[in-house]
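A.B. asks: This is the structure, below, for whatever I ask next.
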Amino acid sequence: MNLYLIWKYKYWIAIAVLSFICFGQLAYTNHLGGELIKAEANHKTELANSQALTEKAKAETAVKEKQWSEQLLKAEQNYNVKIKQVMADATRAQSAANSLSKQLDTAKSRLSTAPRETIIKYVNTSSDILQECVAEYRTMAEAADGHAIDIGRLSEGWPK
């Protein structure tokens with residue numbers, strides 16, 4: 001009897017089964033659409049966050065670059081001031097050396113009238129040696145000052 005009823009209503013049963021499958025597919029498709037909408041919303045949120053972080057990083061980079069640029073400019077200005085100071089010191093040292101040389105030349109000319117030839121030779125030799133020492137000292141002091149200033153400029157200009 002059950003088979004007879006199934007056979008008799010086979011079209012309605014097929015329609016019911018197919019309708020159930022169709023509604024199931026429709027529900028599943030609707031579920032997947034909702035998941036897609038959620039995924040798109042998450043994607044937009046992540047994209048906005050990523051862009052915000054990128055903009056923040058760009059701003060921080062610009063600030064750091066400006067700080068380093070200002071630091072480098074300040075180091076260059078300090079370097080130029082120190083170079084001028086070294087040049088002034090070198091000029092003063094040269095002036096002092098020239099003054100000392102003139103004094104020694106005067107002393108040399110006064111001692112040359114003295115009867116002792118040994119004293120004259122001694123003074124002449126001492127004057128020559130002193131002139132050479134002063135010149136070498138000035139050259140060495142300029143080089144040392146230049147190196148110290150270069151180190152200071154590099155230290156000040158280096159990013160921290």
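The values are calculated or read from the model by the stated rules, or taken from the named source; none is laboratory data. Since the model is a prediction, treat every value here as computed from it, not as a measurement. For neighbour counting, all protein chains shown are included, and Cβ atoms are generated from backbone atoms with ideal geometry for every residue, glycine included.
A.B. asks: Taking segment 65-84 on its own, how many of its residues are more than 20 Å from the chain's Cα centre (by Cα) and in contact (Cβ under 8 Å) with a residue 24 or more places away in the chain?
C.D. replies: 2
A.B. asks: Could you tell me whether segment 80-96 includes any residue that is over 30 Å from Glu156 (Cβ atoms), assigned to a helix (DSSP H, G or I), of a type in the set (Gly, Ala, Ser) and in contact with a Phe, Trp or Tyr (Cβ under 9 Å, 6 or more places away or on another chain)?
C.D. replies: no
A.B. asks: Do we find that Leu100 is in a helix (DSSP H, G or I), surrounded by 10 or more Cβ atoms within 10 Å (Cβ to Cβ) and under 60 Å from the mean Cα position of the chain (by Cα) in this structure?
C.D. replies: Yes.
A.B. asks: Separate question: Do we find that Thr125 is loosely packed, with under 11 Cβ neighbours inside 10 Å, at pLDDT below 75 and part of a helix (DSSP H, G or I) in this structure?
C.D. replies: no
A.B. asks: Let me ask something additional. With respect to Ala107, determine if the residue is modelled with pLDDT of 80 or more and either surrounded by 11 or more Cβ atoms within 10 Å (Cβ to Cβ) or under 53 Å from the mean Cα position of the chain (by Cα) (or both).
C.D. replies: When the stated conditions are applied, Ala107 does not pass them.
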